[in-house]
Amino acid sequence: MAHVTVIGGGVVGLAVARELRVVRGHHVTVLEKENGWARHQTGHNSGVLHAGLYYRPGSEKARMCVAGNASMAAYAREHGVPVSVCGKLVVATDEAETGRLRDLAARAEANGVPARAIGPDEAREHEPAVRCVAALRVESTGVVDFTGVCAAMVEELTRHEADLRLGTEALAVRRAPGRVEVATGTGVVRADALVNCAGLHSDRIADLAGVRPRARILPFRGEYYELRPDRRHLVTGLVYPVPNPELPFLGVHLTRMLDGSVHAGPNAVLALRREGYRWRDASARDLVEVIRFPGTWGLARRHVRTGITETLRSLSRARFAADLARLVPDIGPADIVRAPAGVRAQAVLADGRLVDDFLIELVPRQVHVLNAPSPAATSALEIATRVADRVSSVLN
């Protein structure tokens, strides 16, 4: 069997390693630069098990998310990881949004997602505090402990004697005859193939490997609030707005977590560092890359109004609460408190267009996962199957 090096220890990297080692029997080494697993996108996301209704029919996101909704829930249950498939509401708060809600219902049907249009009275049966003129009830949406999923995968990989290396950053990548070599601070890892699942740094790993990716990563911070404990009763499940179809972000929404807390968000603002979880987290290197990348300016021209709105909401709790109050009118600024933020690795093309689907690029003996934001966590087991298939193709 082949020996494969996987760079990245989030849910996608671990799922790929599991597929290669546990399912297919390859020898696997996983390199993770942090001293723990799932420290970035996986460990900072909203924990939502997505249904797959938002994505373009026939796209990788649509197919993998619908399948991943079932496979991830089944994996969590099999391994004792907390999961709850509680359903959600997507709500139109005025008549102007009902057309987009109908379009979303049609997309859900095309993608095979169980969803049905309901009126405001039935919506309040699910969420008594919600305000809307119409809603879409999506039964297969849920919440899951993705960090727990990663722990279960690590346990499986350990039992199957995979080589798991924390605190091991990939510093250089070299192609050699019949293999790929990765230099780290503790030595060189030699393997038959390389899989890059580095998330926020995936384009940089591709650069190290001599691959010129057709998209670059821009980091978008998603900021969260949560409802104060005495206001959690206002939300019983998940409540989402009707999204802007031109953007991959779903708008600030409300999610009852597995522990009973209710998270609100995220927004989307350009982070000043690849791992910039706060405004004061800044990196000169990262900022220079962002400024020099033509796609940054193309993106700004395309979405200047949205960018201003998101930034103002980031700086104002009152604005954040006002957007939540469109969904649940009883929420006010005093009802929410700051919660930890996440950073989304969003691939952007040189002309400023956002890559709206998963992006995987192949070269001999290498597979690079270059765009895997939401719903990648939901889809991780399906992405792993696809990537493992492609490892076989790059070895031949």
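The values are calculated or read from the model by the stated rules, or taken from the named source; none is laboratory data. Given the structure is predicted, the values throughout are model-derived calculations rather than measurements. Every residue, glycine among them, receives a Cβ derived from its backbone with ideal geometry; neighbour counts consider all protein chains shown.
Does residue 267 meet the test of being at pLDDT below 95, buried (at least 21 other Cβ atoms within 10 Å of the Cβ) and polar (S, T, N, Q)? Considered against the rule, which asks whether it is at pLDDT below 95, buried (at least 21 other Cβ atoms within 10 Å of the Cβ) and polar (S, T, N, Q), residue 267 comes out as yes.
Of all residues in the stretch 61-85, those satisfying the criterion of being within 12 Å of residue 51 (Cα to Cα) and either at pLDDT below 95 or among the aliphatic types (A, V, I, L, M) (or both) are 62, 64, 66, 67, 70, 72, 73, 85.
Conditions (1) assigned to a loop (DSSP other than H, G, I, E, B); (2) over 20 Å from residue 330 (Cα atoms); (3) at pLDDT 95 or above, marked per residue:
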position: 102; (1), (2), (3): no, yes, yes
position: 105; (1), (2), (3): no, yes, yes
position: 110; (1), (2), (3): no, yes, yes
position: 124; (1), (2), (3): no, no, yes
position: 130; (1), (2), (3): yes, no, yes
position: 143; (1), (2), (3): no, yes, yes
position: 148; (1), (2), (3): no, yes, yes
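Evaluated against (1) touching a Ser or Thr at 6+ places or on another chain (Cβ under 6 Å); (2) in a strand (DSSP E or B), residue 135 falls short on exactly one condition, (1).
Residues that are touching a His at 6+ places or on another chain (Cβ under 9 Å), over 20 Å from residue 273 (Cα atoms) and at pLDDT 95 or above within the stretch 26-46 comprise 26, 27, 28, 29, listed in sequence order. Residue pairs whose Cβ atoms lie under 6 Å apart, separated by 6 or more positions or on different chains, with the first residue in the stretch 170-190 and assigned by TED's automatic domain parsing to the domain that holds residue 210 and among the basic types (Lys, Arg) and the second surrounded by 15 or more Cβ atoms within 10 Å (Cβ to Cβ) and in a loop (DSSP other than H, G, I, E, B), are 179/192. Every condition in (1) in a helix (DSSP H, G or I); (2) modelled with pLDDT of 95 or more; (3) not aliphatic (A, V, I, L, M) holds for residue 309 except the one numbered (2).
For the stretch 157-168, the criterion of being small (Gly, Ala, Ser) and in contact (Cβ under 8 Å) with a residue 24 or more places away in the chain is met by at least one residue. Kindly indicate whether any position in the stretch 159-176 is of a type in the set (D, E, K, R) and in a helix (DSSP H, G or I). Yes, the stretch 159-176 contains at least one residue that is of a type in the set (D, E, K, R) and in a helix (DSSP H, G or I).
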